[in-house]
Structures are given as C-alpha cells and as structure tokens.
Amino acid sequence: MKTRPLFLALALSLAACEGPAEVVYQYHQALAQGRGDKALSLLDAKTRAELAQRAKAAHDASGGSVSDDPAKMIVQGNPDFYPVPTPGAKAAEVKVLEAGPERARVEAKVQGQPTSVVDVVKEGGRWRIDLPLAPLPASGGQAATPGGQTAAPSGQPATP
C-alpha cells in the first residue's frame, strides 16, 4: 500500500508549515499538560540555554532541593514571562499581531490570566518562542526561578 508514505509526507509538510501562532498555541498546550520537554523544544536556543543556566543555578543555590532540569522549571512557570495555564485550562486564544520573515509578535489570551504578547523568531527554518527573561542577581545571592520564588544558598530558607 502507498498510503503510509503519503500520510508521512502530509504530516511532514504540515509540521513544516507551523506558523508563529501555532507555535505559541502548542507551547500553551504543553504547559497546560505539564509537558516541559515539549514546551522547552518550542523555545529558541538562546532562551533554552538561559533556562538551563537558571535551573542549574537554582539547583546549586538550593543545595539540590530544586531540580536542575529546565523542562521541570518551565512547567512551574512565571506569569511575567508567559501566562501559565492551570491544568485543564481552555486552550489559549492566539492571534498574530505582527509578522515578518524572521520575527513575529503573537497575542496570547489564556483563561484566568492577563493577555500577553509573545515574540517568536525563525530559527533553523522553524518558528520558536523568544521569552524575555529578567536578569539574575549578580552573585552570592538567591537564584530566581520561573515559579517566582528564589532559591537560597544551602542551609538558608527560600523566599516566596
């Protein structure tokens, strides 16, 4: 039968046609389902690298009580970066506000959260989300996590 190669070709062509709004929608769905690996894969390389550094810093500062896995960190979320849906939340409503060949801005409305505007960039021919991450404290202090909490150095309590 020839249907399997046809189906595979159709699936690959649909995946290649992902636009910026679809990537933001998929990111929202991954967060709502607690699928950190999927959510992380939809972020641009710069954001993924920064999240990996932050996860390691939070892990080290907490004496190991906080996971060093950026996929777990991103699922905890922080509404300052992206509105984090509650489990079972309705799908995000997404709308492209601006689109160019390499950059786009997408509005995301998530149930129970303020509307957010998300930057999306073309990376390796695919759209990826560019999350603006706030700067970390200089040194010796506490490492901020996307959950809005800070991880204190070992032996000290974390602050909410």
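Every read-out reported here was derived from the displayed coordinates using simple, explicitly stated rules and does not represent laboratory data. Since we're looking at a predicted model, the values are computed, not measured. Every residue, glycine as well, gets a Cβ built from its backbone with ideal geometry; the counts of neighbours run over all protein chains shown.
Things to note:
- If you plug the beta carbon distance of THR115 and LYS72 into 1/(1 + (r/R0)^6) with R0 = 30 Å, you get a FRET efficiency near 0.65.
- Pairwise label distance in nanometres, LYS56 with SER41, each label 7 Å out on the Cα-Cβ vector: 2.3
- Approximating the spin labels as points 7 Å out from Cα along Cα→Cβ, the GLU123-to-GLU18 distance works out to 1.1 nm.
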